[in-house]
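The values are calculated or read from the model by the stated rules, or taken from the named source; none is laboratory data. Quick caveat, the model's predicted, so the values are computed rather than measured. All Cβ positions, glycine included, derive from the backbone under ideal geometry; neighbour counts span all protein chains shown.
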Amino acid sequence: MRKGDSLRRWLTACLPDLKVHPDRLQIFFEDGGINARKSATLSFAYAYRLKVLLTDYAADPDHLIVPVLAWIEKEQPQLLARTDSAPFTFRSELLDSKAYDIELSIDIMESVLVSLSNDGKGWNIVHPPEPGYGDIFDGVAASFRQGFGNIELLLESADPDAVLTPAIPPHA
């Protein structure tokens, strides 16, 4: 279940307050299941609801939603192609005139390909990238990534310690 960590790293790179207060971001995996069928391999898919809780979020909520949409375009693009429902849902509590607690719920599917190792003594386990849907936002998400310089590298990186310094500018 790698997408929870991917989203944590992405939001930490995009939202400056999370670098200072990482405890304000909590990630939960709920309603999880394993999708598997009888076949020639033990390949399967994780299916779960990714819950993202930001506490005491003092920026404009738009500055959270934009990077989440850009992350979804890369990590779960089929959610943006659906016409029957929203790509994710949210709940929010206005704490005072300057801060929110915001909870996002994103339905995630993560494929895992399993095959016998070449020596026959173990398993090769691979998490393939999501199928390419092209630029769902017709250049908008690409412009988002370009505006942040090398932020796209975080999505491409398999390095869990990748550190970037992009930030959404504070709204005026």
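Assorted remarks:
- Counted residues, the stretch 73-101 - those being among the aromatic types (Phe, Trp, Tyr) and either farther than 21 Å from residue 6 by Cα or in contact (Cβ under 8 Å) with a residue 60 or more places away in the chain (or both): 1
- Qualifying position, being at pLDDT 95 or above, of a type in the set (Asp, Glu) and surrounded by fewer than 13 Cβ atoms within 10 Å (Cβ to Cβ), among 23, 84, 56, 101: 23
- Test: residue in the stretch 112-132 that is at pLDDT below 90 and surrounded by 12 or more Cβ atoms within 10 Å (Cβ to Cβ): yes
- Identification of helices (runs of 4 or more DSSP H) wholly contained in the stretch 11-108 with 1 or more residues that are under 15 Å from the mean Cα position of the chain (by Cα) and closer than 30 Å to residue 123 by Cβ yields 62-75, 78-81.
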